[in-house]
Amino acid sequence: MRKEFVASFFVVILLQGFFFIKWPVGLYSLIFFVPFYLLGFRDLRQTRHAIKSNFPVFGHLRYLFESIRPEINQYFVESNTDGRPFSREQRSVVYQRAKAVLDTVPFGTQHNLYEQGYEFVTHSLYPKHVNSADLRVLIGSDLCKMPYSLSIFNISAMSFGSLSPNAIAALNGGARLGNFAHNTGEGGISPYHLAPGGDLIWQIGTGYFGCRTHEGSFDPELFKKNSSRPQVKMIEIKLSQGAKPGHGGILSGKKVTPEIAAIRHVPLGKDVISPPAHSAFQDARGLLRFISELRELSGGKPIGIKLCLGHRQEFEDLVNCMKEMKQYPDYIVVDGAEGGTGAAPLEFTNYIGTPGLDALVTVVDILEKSGLRQKIKIISTGKITTAFDIIKLLCIGADATYAARSMMLALGCIQALRCNNNKCPAGVATQDPSLYKGLDVDSKARRIKNFHQETLSAVAHVIGAMGLEGPKELGRQYLFKRVEESKIKNYAELYR
Ligand SMILES: Cc1cc2nc3c(=O)[nH]c(=O)nc-3n(C[C@H](O)[C@H](O)[C@H](O)COP(=O)(O)O)c2cc1C
């Protein structure tokens, strides 16, 4: 729309010249066009709103409708606890915290506290003070030489390719400003991940992008080179992701630009296939040997695995192998079937994989039972938009959390649901320069930092209100759910 807007300006100037002859038509039209173009050019110059920059003048309609939203809002009933897109309430809290504007709510709760499924934590008569700067956890078992102090809230895996260069640079800039970690996603480490200087978690999927031979298998030398970058603090082997577990992917040759080819180490212009399974290992023992190889090659950095829980027995077998071989990952990321993606087949998104809470409970309990829980940290995802979402995961047993889609919201995503057709109007999930140019890297990096900082500060306040010293003291006994109209149970009772 930017180009079209500027082009239309010149057309109007020409027509204006013509109509001026037909005085006074030209004069009347000036009254309309002058404010129209003044507003449009102001939109093009501003950096706060990608939508206004990408859609000069017309972008204001969105903000106009947003401003009358409270009146419209009451006619829609929205859930904020399930796998559907984010509700207005969830989006508002992210936008407000990202913009660092007042985020209190007026009048009282807007939830029905007597509805089945309502969840809450209990507070203490003796609140404590918790410092949000202390909300970190050390990742690295006794097998790891370079443990990393991870914030309990970080940016989840989203590749350059699924997100625009400006979005990636803004996420990483936010991570640097706020001292937390940014997961690269499986598309390799791009210059946009590196330039801002934020801490990286390098994710490796079945395509081994950034550490692959030309034939597509794992290349130890390339891995060694990239993993030794000081910015790379941890390495993550992606086994599966909640939105499409067990599904591979294909990047069409048309999209393999010289830049993508260089970042992913793939031939220019040819289709790139990410198979469903890893070629570097075929079973639990192979996976544990691979983890050990990566730890060695990286000089001892923490190595994790990411999975969406599938067959429970397979996970139990993996944990048994860990005990037997005395080899284990430094951390496990548990992603729920409700997880997000840029694009996925409908069946995989809606009907495959264990939902996040059930998966987290299972993974925590199996690790506890095996005696390995102290060695392996658990990171969890789960549509986090508020401090309560984080505290809930920590109560159930996670040590730290990742967020993907709320970070997109903080970047300016309006949930247009166009991530899969390259037409994201906010410039977040697109490779179209005319759309991502409107996303201003510096101001959005500050928003990412704000969202992280404000949310963590709320986490610290809530933990303090619960009368606890820090996140390690959280447990299932503090988290309650209304299971029937007159019955409430805590999570320790719900998941025995
Ligand atoms: C646009 C997009 C791209 C993603 N790319 C990856 C990826 O490359 N690797 C991965 O493991 N997960 C990927 N994910 C999944 C997220 O990392 C995360 O696990 C999931 O969305 C759940 O977190 P959320 O509820 O905070 O969104 C992607 C998600 C989105 C929305």
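The values are calculated or read from the model by the stated rules, or taken from the named source; none is laboratory data. Note that the structure is a prediction, hence the values are computed from the model and not measured. So basically every Cβ, Gly included, is an ideal-geometry build from the backbone, and we count neighbours across all protein chains shown.
Tabulated data
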| item | result |
| --- | --- |
| Of all residues in the stretch 160-185 being within 14 Å of the ligand (Cβ to nearest atom) and without any contact (Cβ under 8 Å) to a residue 60 or more places away in the chain, the one that is surrounded by the fewest Cβ atoms within 10 Å (Cβ to Cβ) | A181 |
| Residue under evaluation S217, criteria (1) surrounded by 18 or more Cβ atoms within 10 Å (Cβ to Cβ); (2) within 16 Å of V272 (Cβ to Cβ); (3) more than 16 Å from the ligand (Cβ to nearest atom), criterion not met | (1) |
| Answer from G342, G353 - the residue that is on the phi > 0 side of the Ramachandran plot, of a type outside the set (A, V, I, L, M), assigned by TED's automatic domain parsing to the domain that holds A429 and within 16 Å of the ligand (Cβ to nearest atom) | G353 |
| Complete set of residues in the stretch 112-137 that are touching a residue at least 60 places away in the same chain (Cβ under 8 Å) and part of a strand (DSSP E or B) | E119, F120, V121, V137 |
| Matching residues, the stretch 117-145, being surrounded by 15 or more Cβ atoms within 10 Å (Cβ to Cβ) and among the hydrophobic types (A, V, I, L, M, F, W, C) | F120, V121, V130, L135, V137, I139, L143, C144 |
| Hits in the stretch 392-431 (condition: within 12 Å of the ligand (Cβ to nearest atom) and among the small types (G, A, S)) | A403, A404, S406, A410, A429 |
| Conditions (1) near the ligand (Cβ under 10 Å from one of its atoms); (2) in a strand (DSSP E or B): number failed by I332 | (1) |
| Identity of the residue in the stretch 302-329, basic (K, R) and surrounded by fewer than 21 Cβ atoms within 10 Å (Cβ to Cβ), that ends up nearest to the ligand (Cβ to nearest atom) | R312 |
| Selected residue (criterion: surrounded by the most Cβ atoms within 10 Å (Cβ to Cβ)) from residues of the stretch 226-250 that are of a type in the set (G, A, S) and near the ligand (Cβ under 10 Å from one of its atoms) | G242 |
| A426 being crowded, with 24+ Cβ neighbours inside 10 Å, over 26 Å from S149 (Cβ atoms) and either touching a strand residue (DSSP E or B) at 6+ places or on another chain (Cβ under 7 Å) or assigned by TED's automatic domain parsing to the domain that holds R295 (or both) | yes |
